[in-house]
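Just below is one structure, and these are the notes that go with it.
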């Protein structure tokens with residue numbers, strides 16, 4: 001808890017860059033780009049998850065969707081991270097103790113772990129289910145968990161600015 005209440009967060013808020021972003025049109029610009037990038041992250045992941053669930057794009061192999069959409073997810077995630085950090089530094093001390101922000105970070109970590117598990121453990125056996133319309137239960141669980149976690153990230157992110 002000391003880490004969250006550290007005066008170092010106030011120091012972050014007092015960086016010249018923090019003041020520049022927070023006191024100019026940069027903040028709403030970053031916020032707009034952040035929302036667009038987050039929507040691209042979730043949208044591209046959504047398509048892969050729906051395929052894992054066997055609910056959409058069943059005519060496409062999972063490898064095709066993954067190969068074409070995951071790079072978009074990563075690119076949008078990098079943009080969302082940069083813009084998110086830009087917004088974070090303007091109110092760092094209040095964000096780190098904000099329950100919505102804390103939930104967003106926890107859910108992001110869990111979504112990342114779910115994605116890593118899929119790509120580094122399960123995806124090794126892709127040949128067994130790549131073109132199957134009815135995917136194995138494990139894939140359905142991974143896809144469902146991903147949808148749940150990313151929806152939570154988006155909802156928590158929406159609440160960050162409303163909880164002070």
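Things worth noting here:
- Axis of helix 99-117 versus longest Cα principal axis of the chain: the two differ by about 30°, to the nearest ten degrees.
- Rounded to the nearest 10 degrees, the angle from helix 137-160 to the longest Cα principal axis of the chain is 20 degrees.
- Between residue 116 and residue 67, the modelled label-to-label distance comes to 2.6 nm, taking each label 7 Å out from Cα in the direction of the beta carbon.
- Segment residue 128-residue 50, length gained on full extension (0.36 nm per residue, minus Cα span): 26.3 nm
- Using alpha-carbon coordinates, inclination of helix 62-88 to the longest axis of the chain, degrees: 10 degrees
- Mean ellipticity per residue at 222 nm, deg cm²/dmol - from DSSP H runs of n ≥ 4 across the chain, formula -39500 (n - 2.57): -23500 deg cm²/dmol
- Listed from fewest to most Cβ neighbours within 10 Å, the set 126, 42 follows the order 126, 42.
- Based on Cα contacts under 8 Å between residues 6+ apart, the range 6-164 shows a relative contact order of 34 percent.
- As computed over the chain, the Cα convex hull volume per residue (Å³): 115 Å³
- Look at where the Cα atoms of the range 92-163 and of the range 25-83 average out, and the two centres are 12 Å apart.
All of the numbers you see were taken from the coordinates with simple rules; none came from a lab. Just so we're clear, the structure is a prediction, and the values are computed from it rather than from any experiment. All Cβ positions, even for glycine, are placed from backbone atoms using ideal geometry, and neighbour counts span all protein chains on display.
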